[in-house]
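The values are calculated or read from the model by the stated rules, or taken from the named source; none is laboratory data. Every value quoted in this text rests on a predicted model; they were computed, and no experiment measured them. Virtual Cβ from ideal backbone geometry, glycine too; neighbours counted across all protein chains shown.
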Ligand SMILES: Cc1cc2nc3c(=O)[nH]c(=O)nc-3n(C[C@H](O)[C@H](O)[C@H](O)COP(=O)(O)O)c2cc1C
């Protein structure tokens with residue numbers, strides 16, 4: 001209700017200013033348990049039918065917040081109170097960095113999409129470790145997404161990831177090797193097997209205690225590259241794949257081409273990604289034959305979208321852009337719709353739906 005009144009004013013502001021305002025409120029609630037209790041009371045408790053077990057963890061809901069929203073590890077408990085079952089903080093790099101010059105975040109209102117070239121602005125692994133140490137996660141699974149610092153050459157990227165993993169793994173319930181953001185020059189080259197394998201090994205070796213490890217991939221990989229990456233992840237004992245990050249493609253938009261071009265470089269997110277994400281989730285799921293947990297992310301804005309990604313093979317689903325357009329009630333609304341639909345179809349949890357697209361009626365998943 002209050003948000004409904006504030007929304008037009010927020011959307012009249014430059015997107016990064018609007019984000020900073022919303023973040024200020026969420027930071028406050030992150031630090032004050034009374035505010036979180038109020039949030040939880042006003043939104044209602046999570047429906048137990050949504051509880052999801054995977055990666056050796058129990059998620060209160062399969063719906064998580066994707067990386068890039070809580071870049072500075074300052075809001076995750078408030079975001080949990082809004083109804084997210086998991087929050088992936090970061091991307092965190094070894095060294096603190098400012099990211100690209102502003103403006104670097106743009107709305108495509110006609111498409112309910114965003115273009116960003118943030119460039120991993122973050123407080124660095126040491127700063128993130130201090131932030132995470134000061135607030136244990138409360139009723140939310142905490143993932144930590146790791147990236148390469150801009151100043152670090154590609155051939156020593158593994159050391160950079162390993163440093164961050166060593167500092168942050170004590171606080172993370174799962175870790176993500178992000179090799180797919182389009183705004184750090186050369187980063188996506190790390191998706192190639194010969195560069196990715198040493199990073200995965202270095203990260204695993206740097207963790208004081210074992211943590212589920214996932215790799216986040218780009219939606220712009222062709223089928224052959226997706227298969228090679230999936231095979232590498234299985235061979236290296238990676239626990240899961242997050243599909244996918246933002247795209248460099250600009251096809252299928254309602255926003256006029258000249259207006260899109262004027263925004264310049266960056267990754268596109270939101271509904272234009274939906275079909276690609278679903279295809280990618282299905283491909284990784286089928287190729288891995290149960291050896292990897294798939295997290296689907298890209299273009300989710302309705303319970304139907306969540307349903308479709310679970311059925312395609314995702315065990316968990318994340319959102320970012322849908323939350324920006326949908327507002328603070330978005331996660332709890334989506335969760336309630338998903339829970340109602342599961343009950344209506346007589347399913348005892350989201351896990352019963354995972355990979356259903358690929359099963360013969362009454363049959364087993366591959
Ligand atoms: C402003 C913005 C910043 C992002 N920053 C990161 C990031 O730091 N690390 C990352 O792995 N993904 C980042 N992403 C990508 C999202 O996590 C997600 O993969 C992508 O936006 C697709 O999901 P969506 O369509 O629900 O937004 C960012 C996305 C946006 C819109």
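Summary of values
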quantity: Boolean, residue 346 is free of Cβ contacts under 8 Å to residues at least 12 places away in the same chain and surrounded by fewer than 23 Cβ atoms within 10 Å (Cβ to Cβ); calculated: yes
quantity: Residue check, residue 240 within 29 Å of residue 326 (Cα to Cα), within 15 Å of the ligand (Cβ to nearest atom) and exposed (fewer than 15 other Cβ atoms within 10 Å of the Cβ); calculated: no
quantity: Residues satisfying the stated conditions in the stretch 60-97, i.e. over 17 Å from residue 31 (Cβ atoms), more than 12 Å from the ligand (Cβ to nearest atom) and touching a helix residue (DSSP H, G or I) at 6+ places or on another chain (Cβ under 6 Å); calculated: 61, 62, 83, 84, 94, 95, 96
quantity: Residue count for the stretch 170-194, restricted to those that are modelled with pLDDT of 90 or more and either away from the ligand (no atom under 16 Å from the Cβ) or in a strand (DSSP E or B) (or both); calculated: 8
quantity: Test: residue in the stretch 285-296 that is on the phi > 0 side of the Ramachandran plot, modelled with pLDDT of 95 or more, surrounded by 15 or more Cβ atoms within 10 Å (Cβ to Cβ) and within 22 Å of the chain's Cα centre (by Cα); calculated: no
quantity: Residue tally, condition surrounded by fewer than 18 Cβ atoms within 10 Å (Cβ to Cβ) and in contact with a helix residue (DSSP H, G or I) (Cβ under 6 Å, 6 or more places away or on another chain), over the stretch 138-152; calculated: 2
quantity: Verdict on residue 273 being within 16 Å of the ligand (Cβ to nearest atom), under 21 Å from residue 358 (Cα atoms), in contact with a strand residue (DSSP E or B) (Cβ under 8 Å, 6 or more places away or on another chain) and assigned to a helix (DSSP H, G or I); calculated: no
quantity: Answer from 282, 259 - the residue that is within 27 Å of residue 213 (Cα to Cα), away from the ligand (no atom under 11 Å from the Cβ), part of a helix (DSSP H, G or I) and at pLDDT 95 or above; calculated: 282
quantity: Residue in the stretch 306-327 that is within 16 Å of the ligand (Cβ to nearest atom), out of contact with any strand residue (DSSP E or B) (no Cβ under 8 Å at 6 or more places or on another chain), in a loop (DSSP other than H, G, I, E, B) and over 24 Å from residue 220 (Cα atoms) present; calculated: yes
quantity: Members of the stretch 129-151 found to be in a loop (DSSP other than H, G, I, E, B) and within 16 Å of the ligand (Cβ to nearest atom), listed by number; calculated: 147, 148, 149, 150
quantity: Qualifying residue in the stretch 350-359 (condition: over 20 Å from residue 241 (Cβ atoms), in contact with a strand residue (DSSP E or B) (Cβ under 9 Å, 6 or more places away or on another chain), surrounded by fewer than 24 Cβ atoms within 10 Å (Cβ to Cβ) and in contact (Cβ under 8 Å) with a residue 60 or more places away in the chain); calculated: no
quantity: Meets criteria (touching a residue at least 40 places away in the same chain (Cβ under 8 Å) and in a helix (DSSP H, G or I)) for residue 49; calculated: yes
quantity: Conditions (1) surrounded by fewer than 19 Cβ atoms within 10 Å (Cβ to Cβ); (2) under 24 Å from residue 206 (Cβ atoms); (3) touching a helix residue (DSSP H, G or I) at 6+ places or on another chain (Cβ under 9 Å); number of the one not met by residue 165; calculated: (1)
quantity: Residue that is farthest from the ligand (Cβ to nearest atom), among those in the stretch 285-305 that are within 13 Å of residue 319 (Cα to Cα) and not in a strand (DSSP E or B); calculated: 303
quantity: Counted residues, the stretch 329-355 - those being closer than 30 Å to residue 21 by Cα and more than 16 Å from the ligand (Cβ to nearest atom); calculated: 4
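Listed here are the residues, each with its yes/no results for (1) more than 27 Å from residue 99 (Cβ to Cβ); (2) crowded, with 23+ Cβ neighbours inside 10 Å; (3) at pLDDT 95 or above; (4) in contact with a strand residue (DSSP E or B) (Cβ under 6 Å, 6 or more places away or on another chain).
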| position | (1), (2), (3), (4) |
| --- | --- |
| 212 | yes, no, yes, yes |
| 222 | yes, no, no, no |
| 227 | yes, no, yes, no |
| 231 | yes, no, yes, no |
| 244 | no, yes, yes, yes |
| 251 | no, no, no, no |
| 254 | yes, no, yes, no |
